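The values are calculated or read from the model by the stated rules, or taken from the named source; none is laboratory data. Fair warning: this is a prediction, and the values are worked out from it, not measured in the lab. Cβ coordinates were reconstructed from backbone atoms using ideal geometry, including for glycine residues, and neighbour counts include every protein chain displayed. Accessible surface areas use protein heavy atoms only, side chains included; no ligands, DNA or RNA. Shrake-Rupley method; radii C 1.70, N 1.55, O 1.52, S 1.80 Å.
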Amino acid sequence: MTINEIQEEIVEEFSMFDDWMQRYEYMIELGKSLPLIDEKYKIDDNLIKGCQSRVWVHAELREDKLCFTADSDAIITKGIIAILIRAFSNQAPKDIIEADTGFIDEIGLKEHLSPTRANGLVNMVKQLKMYAIAYQTQLN
C-alpha cells in the first residue's frame, strides 16, 4: 500500500468513532500493536527531542524501504507513534520525505492533544522525515 492509501485507511478507522474517548482508546490499542524497538536501540540518540514523554524511534533500511520500530513510556504517545509508523514504515525514503501529513489534521489529532503532546507529535513527524532524508542520501 502507498502512504496515501494507508493514511486514508487511518482516517476511515478514526471516523467510525463517535467521540474522542473512543478514539483515545483506539490509539491505546494501536500502541499495543506497535513494532517494538529492540532494547539496544533505547538510547538517547534515538529519543525524540521535544516530547513530554520518552519516545524512542529506530530506523533501518531493508531492500530500499525504511522500517521503523519505536516505544514510549506513555500509552497515548505510544498510540501516536504507532499511527505514524503505520503510515510511514516499509516505504521508500523518497516517498516518506514527500508525504503529506494532512491525515493528522483530518482525524483531528492535533486539536485533541495537549499543547506539549501536539508539539511532540510534530517532532515525531519531523524525526521520521529526518531519518528518511538521511537514508535517501545513502541511496543516491
Task: Lone unmet requirement of (1) farther than 30 Å from LEU139 by Cα; (2) touching a residue at least 40 places away in the same chain (Cβ under 8 Å); (3) touching a strand residue (DSSP E or B) at 6+ places or on another chain (Cβ under 9 Å) for PRO93 - done: (1)
TODO: Would you check which residues across the stretch 25-50 are in contact (Cβ under 8 Å) with a residue 60 or more places away in the chain and either in contact with a strand residue (DSSP E or B) (Cβ under 8 Å, 6 or more places away or on another chain) or in a helix (DSSP H, G or I) (or both) and list them?
DONE: ILE48
Task: Filtered residue count, the stretch 62-83, keeping only those that are within 14 Å of the chain's Cα centre (by Cα), open to solvent by 20 Å² or more (accessible area, probe 1.4 Å) and farther than 16 Å from GLU29 by Cα - done: 1
- [ ] Kindly indicate the residue of the stretch 16-45 that is open to solvent by less than 80 Å² (accessible area, probe 1.4 Å) and under 14 Å from the mean Cα position of the chain (by Cα) and also modelled with the lowest pLDDT among those meeting that condition.
- [x] PRO35
Task: Exclusive hit being open to solvent by 30 Å² or more (accessible area, probe 1.4 Å), at pLDDT below 95 and in contact with a helix residue (DSSP H, G or I) (Cβ under 7 Å, 6 or more places away or on another chain), set LEU139, LEU113 - done: LEU139
Task: Selected residue (criterion: farthest from TYR26 (Cα to Cα)) from residues of the stretch 84-105 that are modelled with pLDDT of 95 or more, in a helix (DSSP H, G or I) and open to solvent by 40 Å² or more (accessible area, probe 1.4 Å) - done: LYS94
